[in-house]
Amino acid sequence: MSAPDARFTLANERTFLAWLRTSLALVAGGIAVVALVPEFGVAGARHVVGVVLAALGVAVAGGAVLRWHRVQAAMERGDDLPPTRMPLLLGCALAALGLAVAVVLAVGGAG
């Protein structure tokens, strides 16, 4: 094993921190939905949206730690970087949540 170029290590760290910011934004969004958004026309929907956003934030934070570690280990071994599905999974989860919210709003209305 050899130490990777510091620039790559720092780039890996910056990517990790970007994922943590995304995680924090998702958790904060979940809190904001529950605390600040008026109740949807469907009982409990607002809380479900908040919980899903917070859970996604936790999942992203966990995935970020694993990704950072896997990339760092690959660089130290001189291997190719491992593939990631996090952007695809997060995008699909947020699209599904957005679609569900749109359906709830269309069916139940707001307020």
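The values are calculated or read from the model by the stated rules, or taken from the named source; none is laboratory data. Predicted, not measured: the structure shown is a model, and the values here were computed from it. Note that we place each Cβ from the backbone using ideal geometry, even for glycine, and neighbour counts take in every protein chain shown. The accessibility values were calculated without ligands, DNA or RNA, using every heavy atom of the protein model including side chains. Shrake-Rupley method; radii C 1.70, N 1.55, O 1.52, S 1.80 Å.
Quick look at the numbers
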{"item": "Every pair of residues 6+ apart whose Cβ atoms lie under 6 Å, when the first sits in segment 1-27 and is touching a residue at least 40 places away in the same chain (Cβ under 8 Å) while the second is among the polar types (S, T, N, Q) and surrounded by 13 or more Cβ atoms within 10 Å (Cβ to Cβ)", "result": "12/72"}
{"item": "Pairs, first touching a residue at least 24 places away in the same chain (Cβ under 8 Å) in segment 37-57, second assigned to a loop (DSSP other than H, G, I, E, B), C-beta under 6 Å, six or more apart", "result": "38/111; 41/109"}
{"item": "Residue list for segment 32-72, filter: farther than 21 Å from residue 95 by Cβ and touching an Asp or Glu at 6+ places or on another chain (Cβ under 8 Å)", "result": "68"}
{"item": "Tally of residues being among the charged types (D, E, K, R) and within 19 Å of residue 51 (Cα to Cα) across segment 70-111", "result": "0"}
{"item": "Qualifying positions in segment 81-111 - assigned to a helix (DSSP H, G or I) and either surrounded by 14 or more Cβ atoms within 10 Å (Cβ to Cβ) or touching a residue at least 12 places away in the same chain (Cβ under 8 Å) (or both)", "result": "86, 89, 90, 93, 94, 97, 100, 101, 104, 105, 107, 108"}
{"item": "Residue in segment 66-74 that is in contact with a helix residue (DSSP H, G or I) (Cβ under 9 Å, 6 or more places away or on another chain), in a helix (DSSP H, G or I) and open to solvent by less than 50 Å² (accessible area, probe 1.4 Å) present", "result": "yes"}
{"item": "Count - residues of segment 1-31 that are of a type in the set (D, E, K, R), farther than 25 Å from residue 89 by Cβ and in a helix (DSSP H, G or I)", "result": "1"}
